[in-house]
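Novice: Encoded as structure tokens, here's the structure I'll be asking about.
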Amino acid sequence: MGFLYCNILGRLGYGLPRELWVVEAGIFLNYLGWGAVLPFEVIYLHQARGFGLGVSGLVVGVVTLVAVAAAPIVGPVIDRVGARTTAAAAGVALAAGYAGLAFVHTPAQAFVAAALAGLGNGALQPSQSALLASLSRPEIRHRSTAVSRVAANLGVGLGAALGGLVAARGLEGFVALFLANAVSYLLYVAILVLAVRKDARPDPLPGGYRLLLRDRAFVRLALTNVAVIAVGWGVFTWIVPPYASDQVGLSSELIGLLLLANALTVVVAQIPVARFSEGRRRASIMAIGSLAFVPACLLVLAAGYLALGVAEAALLVAVIVVGVGECFHTTALMPLVADLAPPAVRGRYMAATGLSWWLGLALAPTLGTQLLSVSAPATMLVSAAVALGAALSALALERYVPEAARLTPRPALAGH
């Protein structure tokens, strides 16, 4: 289905080169496996392996914390050896880490496997973003980002739905999901190695990360992104599933379907949002995305006090609203980073953006699960407040961004 969607968009003349379409198909496969385990990581460790809820959250948090630590190192590696090579190595590390998680019996084993997966995660996102930027012209980068989001969310959504069915089989089902995820990473690596013909390596530029730290627009953008990711991705990935299970009483199958609804929303809305953003200010587009998370958090909070049927409807609406918010944020984020970054240090800019991404994700399982164990309502109220602050910060970003990068470009030709 993901391959078919990509092929349809290509035939409609969305302006992306053939090489990029093959990579987008690989992204779909990658996220299909990840989506199958994503909503069940904490549940698997807590319910199937018998770890405490706090310990389970910390294990999942290690994946993101190691990714945070790896990100600054990955940036120079991308700039020196190339985005494709770095992404392939990251996929191998992720495969090993998730295969290890399938067979853990003690928290110590889980922490080791999570650290290996975290190393791969820290390298994959910035190298993949740098690769997509290098394969597309500046005026169509928002479209490249949109298609990658469609491929990723279609994979996550289908994976989550399938994962919910398999997870219902208990421990054996969870083990199968984690192994399937490992295989999907290896398939993605094979596609990268076979499909991408060359690794772009611009001439080195003196300064390294010092250039990035002097870029006030980028620094503010990265800090804002931490808050956005913490709520829109972290909370709704790792906090809402156990909240829905414990506070509302949803089954694993229904939790998987909520993730599917969120992903399908992105699949349907991402391309129209990308087209809507053309010619409009990126700061405003990102602010709309953050604002969408506020009512979504409040709906999740309300679900804990409603009858089951009404609560299920409230959660469904919440994940759909979050999906639309994600579309607005991502349409502007990575193309803006690519425009701000000099080509010779693009790997560092993408790595720093990945660092902000993983910092946001780390806050949800590490701090969010601790707060959730104390007060579920407070968890969602704090999340709503953080999202509102992120929206205000995105609006304030406008005056720091160079005039040439403030608007999402309009491709010169309709077919491009």
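Novice: Evaluate the relative contact order of the range 65-184 (contact order divided by residue number), counting alpha-carbon pairs under 8 angstrom at least 6 apart; express in whole percent.
Specialist: About 34 percent, as a whole number.
Novice: Let me ask something else. Place a +1 charge on the Cβ of each Lys and Arg in the range 312-404 and a -1 charge on the Cβ of each Asp and Glu, then give the dipole magnitude about the Cα centre in debye, rounded to the nearest 20.
Specialist: 260 debye
Novice: Taking only C-alpha pairs under 8 Å that are 6+ residues apart, what is the relative contact order of the chain in percent?
Specialist: 28 percent
Novice: Here's something else I'd like to know. Is the shape of the range 265-416 best called rounded, prolate or oblate, per the rule: a/c under 1.5 gives rounded, else a/b larger than b/c gives prolate, else oblate, with a ≥ b ≥ c the square roots of the Cα gyration tensor eigenvalues?
Specialist: prolate
Novice: Return a whole-number percent for the relative contact order of the range 301-416, with Cα pairs under 8 Å and 6 or more residues apart as the contact set.
Specialist: It rounds to 23 percent for the range 301-416.
Novice: Starting with the highest mean, order 176-185, 327-336 by the number of other Cβ atoms within 10 Å, averaged over the residues of each peptide.
Specialist: The densest-packed peptide leads the list: 327-336, 176-185.
Novice: Let me spell out the model: positive unit charges on the Cβ of Lys and Arg, negative unit charges on the Cβ of Asp and Glu, origin at the Cα centre of the range 160-288. What dipole size does that give, in debye rounded to 20?
Specialist: Details: 12 positive and 7 negative charges, 164 e Å.
That gives the range 160-288 a dipole magnitude of about 780 debye.
Novice: Would you tally the net charge around Trp233, using a Cβ to Cβ cut-off of less than 15 Å, leaving Trp233 out, and scoring K and R as +1, D and E as -1?
Specialist: Numbers: positive: Arg149; negative: Glu41, Glu326.
That works out to -1.
Novice: Continuing with this model, one more query. So if we plug the beta-carbon distance of Gln109 and Leu194 into 1/(1 + (r/R0)^6) with R0 = 35 Å, what FRET efficiency do we get, rounded to 0.05? Walk me through the numbers before you get to the answer.
Specialist: Details: r = 34 Å, r/R0 = 0.96.
Step by step, r from the Cβ atoms, then E = 0.55.
Novice: Comparing Gly323, Gly304, Gly33, which has the greatest mean-square fluctuation in the GNM of the chain with Cα pairs linked when under 10 Å apart?
Specialist: Gly304
Novice: Are there any trypsin sites (Lys or Arg not before Pro) in the range 188-272 that are in a DSSP loop and have at most 12 other Cβ atoms within 10 Å? List them by number. Display every interim value, and only then the final one.
Specialist: Working: sites: Arg197, Lys198, Arg210, Arg214, Arg216, Arg220; in loops: Arg197, Lys198, Arg214.
Sites meeting the loop and neighbour criteria: Arg197, Lys198, Arg214.
Novice: By its C-alpha gyration tensor, with a ≥ b ≥ c as the square roots of the eigenvalues, how is the range 375-415 shaped: rounded for a/c under 1.5, else prolate for a/b larger than b/c, else oblate? Intermediate results must be reported in sequence, preceding the final value.
Specialist: Numbers: a/c = 7.98, a/b = 2.28, b/c = 3.50.
Cα axes put the range 375-415 in the oblate bin.
Novice: Using just the helices of the chain, give the 222 nm mean residue ellipticity in deg cm²/dmol: DSSP H runs with n ≥ 4 each add -39,500 (n - 2.57), and the total is spread over all residues, rounded to 500.
Specialist: -25500 deg cm²/dmol
Novice: Measuring from the lowest to the highest alpha carbon on each principal axis, how far does the chain reach, largest first, in angstroms?
Specialist: 52, 43, 39
Novice: Now a separate question. Could you let me know the centre-to-centre spacing of the range 138-213 and the range 20-71, using Cα atoms, in angstrom?
Specialist: The range 138-213 and the range 20-71 have Cα centres separated by 12 Å.
Novice: Shifting gears a bit: Using the Cα gyration tensor of the range 71-167, with a ≥ b ≥ c the square roots of its eigenvalues, what is the shape: rounded (a/c below 1.5), prolate (a/b larger than b/c) or oblate (neither)?
Specialist: Oblate.
Novice: For the chain, which DSSP H helices look membrane-span-like by this rule: Cα extent along the axis of 24 Å or more and mean Kyte-Doolittle of at least -1.0? Display every interim value, and only then the final one.
Specialist: Details: long enough: 18-37 (30 Å, 0.78); 53-81 (41 Å, 1.91); 83-101 (27 Å, 1.03); 107-135 (41 Å, 0.87); 141-167 (37 Å, 0.68); 171-195 (36 Å, 2.07); 252-277 (36 Å, 1.51); 282-303 (33 Å, 1.93); 308-340 (47 Å, 1.72); 346-363 (26 Å, 0.43); 376-396 (31 Å, 1.78).
In the chain, the long hydrophobic H runs are 18-37, 53-81, 83-101, 107-135, 141-167, 171-195, 252-277, 282-303, 308-340, 346-363, 376-396.
Novice: Any idea of the accessible area per residue across the chain, 1.4 Å probe, to the nearest Å²?
Specialist: For the chain, the solvent-accessible area averages 38 Å² per residue.
The values are calculated or read from the model by the stated rules, or taken from the named source; none is laboratory data. It should be emphasised that the depicted structure is a prediction, and the values quoted were computed from it without experimental measurement. A quick note on method: Cβ atoms are made from the backbone with ideal geometry, for glycine too, and the neighbour counts reach across all protein chains shown. Areas reflect the complete protein model, heavy atoms only, side chains present, ligands, DNA and RNA absent. Shrake-Rupley method; radii C 1.70, N 1.55, O 1.52, S 1.80 Å.
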